[in-house]
Amino acid sequence: MESVGWKEMRILDANSEWFGVTVKELMENAGGGVADIANRMGDSFVIICGPGNNGGDGFAAARHLKSKPRIFYLKRPRSEEALLNFEKARNYNPVLVTQKNLDELKAALEQCDVVIDAIFGTGITGRIREPARSVIRLVNDSKRKVIAIDIATGIDPDTGRISDIAVKADVTVALHRVKTGSLKNKKISGKIELVDIGIPEKAETHVGRGDVKFNLPFRERDAHKGQAGKVLVVGGSERYTGAPYFAAMAALKAGCDLSYFTGPACAADRIAVMAPDVIVYPLGSERHLAKGDVKEVLKRDCDVIVVGNGLGAEKETVEAVLDLVKKAKKPLVIDGDGLKAVSQVLKGLKENVVLTPHSGEFKTIFGSQPPRDLEKRIESIKRACKKTKAVVLLKGSVDIICQKGSVKLNETGNPFMAKGGTGDVLAGLCAGFIAQGVEPLKATYMAAFVNGLAGNVAYSEKSISMLASDVLGQISSVMKFLVD
């Protein structure tokens, strides 16, 4: 049975809203599904609701039961959606539970057939406090049939452990997916029944707001410089300095602490002037990356390396990239000119390597042109990814991100992003997320989503005149919107 943990479910809830199905609708569907099962188990009901959305599901269930339930609640609901269902349940005269009126709850439990546990859901952490502890004891002592909404109160949604006390359920009604903790503690969870609450398929197959909001690590108040990661961009040449600039700046805007650039002296001098936020280390070579530079690159202290932006296609440069890819121990994001070297080492690429080709570069790397039809395109990249452990992001009107058969799609972006520099922004975002501790596959599809969304905002302001610098300029506001 497929299961999800706490974070995965938060992502799906947020993505569901992003793709048009609101929390309000999900809550209503959850309430109806729980009530259908409860109605088969008895004729009289007590619902005990907590302050979160699990409690909101309980309030929603009340309106779908075949007889008027008794409702007890521990606190006034916190979220707008739970509060809405609380207000709708007022005609059931819900009772606020305190240490002083536990006898009223006990009496109600003695007179019902079924107890619905909507106290705490997947968001519970730490020890359960009063009056919830006493409520759980009364439920367990009542010997009534108990239905837990989504997960039995007191079970850790990821590990199945009980911190100190938990509701012992006869049936757990899992919403959308079974929670991992329920499977790991079947003794407490009882029989598990799955209810479809209307989360759209795209919430799982496509990248959405939740993927960014909940995959970024929490930043401690006492965090120090460098703790959120350091990105090294290896790029630039006599002809191209804009590409590595965009990558280095995008890494910072993704949230990493430090962004370094190292490259030929001609490019380093220009980037030092263009980007005061970026720390610049000139290499010994003057005009393009040479094989002798690789040793110096590998000495730099960083968490992830971006290689390829603006490097050019000199034979010596391609050989240098190949040498760097073979010797690097850090995660790599290989973009642009760097992709010219990887076809020779596909099988040797590690799981912490990201490739970001467009269709032409994909053909160079894997030997076949990806079809235009989306379904055929997905199958094409899945076949190609059997040749490597690396993450592959095939850029297009719909970005396809794949690693070892796992596929995610991204629909943000617009045709006016097909301009120089936007791919470099994407590579920098990807590296910036990896530097913060996000695993490469997730970092890649997060980067595609943010890059495309920033492009959409840029287009709304600049129309067909938008540039890569406009996309870069919108990342901060997009990140604030997604994360807050």
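Quick look at the numbers
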| quantity | calculated |
| --- | --- |
| Every residue from segment 52-68 that is in a loop (DSSP other than H, G, I, E, B) and surrounded by 20 or more Cβ atoms within 10 Å (Cβ to Cβ) | Gly52, Leu65 |
| Answer residue from segment 26-51, given it is part of a strand (DSSP E or B) and in contact with a Gly (Cβ under 8 Å, 6 or more places away or on another chain) and is surrounded by the most Cβ atoms within 10 Å (Cβ to Cβ) among those | Ile47 |
| Breaking point among (1) without any contact (Cβ under 8 Å) to a residue 40 or more places away in the chain; (2) more than 29 Å from Gln436 (Cβ to Cβ); (3) out of contact with any Asp or Glu (no Cβ under 9 Å at 6 or more places or on another chain), for Thr159 | (2) |
| Whichever residue in segment 285-294 is under 24 Å from Ala251 (Cβ atoms) and of a type outside the set (A, V, I, L, M, F, W, C) and, among such residues, is surrounded by the most Cβ atoms within 10 Å (Cβ to Cβ) | His288 |
| Given (1) outside any loop (DSSP other than H, G, I, E, B); (2) under 18 Å from Glu314 (Cα atoms); (3) of a type in the set (Asp, Glu), number of the condition Asp269 does not satisfy | (2) |
| Filter result for Val294 (in contact with an Asp or Glu (Cβ under 6 Å, 6 or more places away or on another chain) and of a type in the set (Val, Ile, Thr)) | yes |
| Some residue of segment 69-89 being assigned to a helix (DSSP H, G or I) and closer than 19 Å to Asp113 by Cα | no |
| Residue within segment 227-237 that is buried (at least 17 other Cβ atoms within 10 Å of the Cβ), at pLDDT 90 or above, within 20 Å of the chain's Cα centre (by Cα) and in the same structural domain as Asn309 (by TED's automatic domain parsing) present | yes |
| Spans of strands (runs of 3 or more DSSP E) in segment 371-484 with at least 3 residues surrounded by fewer than 23 Cβ atoms within 10 Å (Cβ to Cβ) and at negative phi | 406-410 |
| Members of segment 180-192 found to be crowded, with 16+ Cβ neighbours inside 10 Å, of a type outside the set (A, V, I, L, M) and not in a helix (DSSP H, G or I), listed by number | Asn185, Gly190 |
| First in segment 317-329 and in the same structural domain as Leu289 (by TED's automatic domain parsing), second anywhere and part of a helix (DSSP H, G or I) and polar (S, T, N, Q), Cβ under 7 Å, 6 or more apart | Leu322/Gln344 |
| Test for Tyr281: is it surrounded by fewer than 24 Cβ atoms within 10 Å (Cβ to Cβ) and either of a type in the set (Ser, Thr, Tyr) or within 21 Å of Gly437 (Cβ to Cβ) (or both) | yes |
| Where a residue in segment 424-448 is without any contact (Cβ under 8 Å) to a residue 40 or more places away in the chain and its partner, wherever it lies, is surrounded by fewer than 24 Cβ atoms within 10 Å (Cβ to Cβ), with Cβ under 9 Å and at least six apart | Glu439/Asn215; Glu439/Glu351; Glu439/Asn352 |
| Conditions (1) over 26 Å from Val438 (Cβ atoms); (2) assigned to a strand (DSSP E or B); number of the one not met by Val333 | (1) |
| Residue tally, condition buried (at least 24 other Cβ atoms within 10 Å of the Cβ) and either assigned to a loop (DSSP other than H, G, I, E, B) or modelled with pLDDT under 95 (or both), over segment 243-255 | 1 |
| Criterion (in contact with a helix residue (DSSP H, G or I) (Cβ under 6 Å, 6 or more places away or on another chain), surrounded by fewer than 24 Cβ atoms within 10 Å (Cβ to Cβ), assigned by TED's automatic domain parsing to the domain that holds Asp13 and over 14 Å from Phe120 (Cβ atoms)) met by exactly one of Lys168, Lys143 | Lys168 |
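Conditions tested, residue by residue: (1) of a type in the set (D, E, K, R); (2) touching a helix residue (DSSP H, G or I) at 6+ places or on another chain (Cβ under 6 Å); (3) at pLDDT 95 or above; (4) not assigned by TED's automatic domain parsing to the domain that holds Leu355.
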position: Tyr260; (1), (2), (3), (4): no, no, yes, no
position: Ile271; (1), (2), (3), (4): no, yes, yes, no
position: Pro276; (1), (2), (3), (4): no, no, yes, no
position: Ile279; (1), (2), (3), (4): no, no, yes, no
position: Ser285; (1), (2), (3), (4): no, yes, no, no
position: Lys291; (1), (2), (3), (4): yes, yes, no, no
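Here's the yes/no breakdown for (1) modelled with pLDDT under 95; (2) more than 17 Å from Cys430 (Cβ to Cβ); (3) assigned to a loop (DSSP other than H, G, I, E, B):
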{"position": "Cys302", "(1), (2), (3)": "no, no, yes"}
{"position": "Val321", "(1), (2), (3)": "no, yes, no"}
{"position": "Leu324", "(1), (2), (3)": "no, yes, no"}
{"position": "Lys340", "(1), (2), (3)": "yes, yes, no"}
{"position": "Val345", "(1), (2), (3)": "yes, yes, no"}
{"position": "Val354", "(1), (2), (3)": "no, no, no"}
{"position": "Thr364", "(1), (2), (3)": "yes, yes, no"}
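The values are calculated or read from the model by the stated rules, or taken from the named source; none is laboratory data. For clarity, every value in this text was computed on a predicted model and none was experimentally measured. Note: ideal-geometry Cβ built from the backbone for every residue, glycine included; neighbour counts use all protein chains shown.
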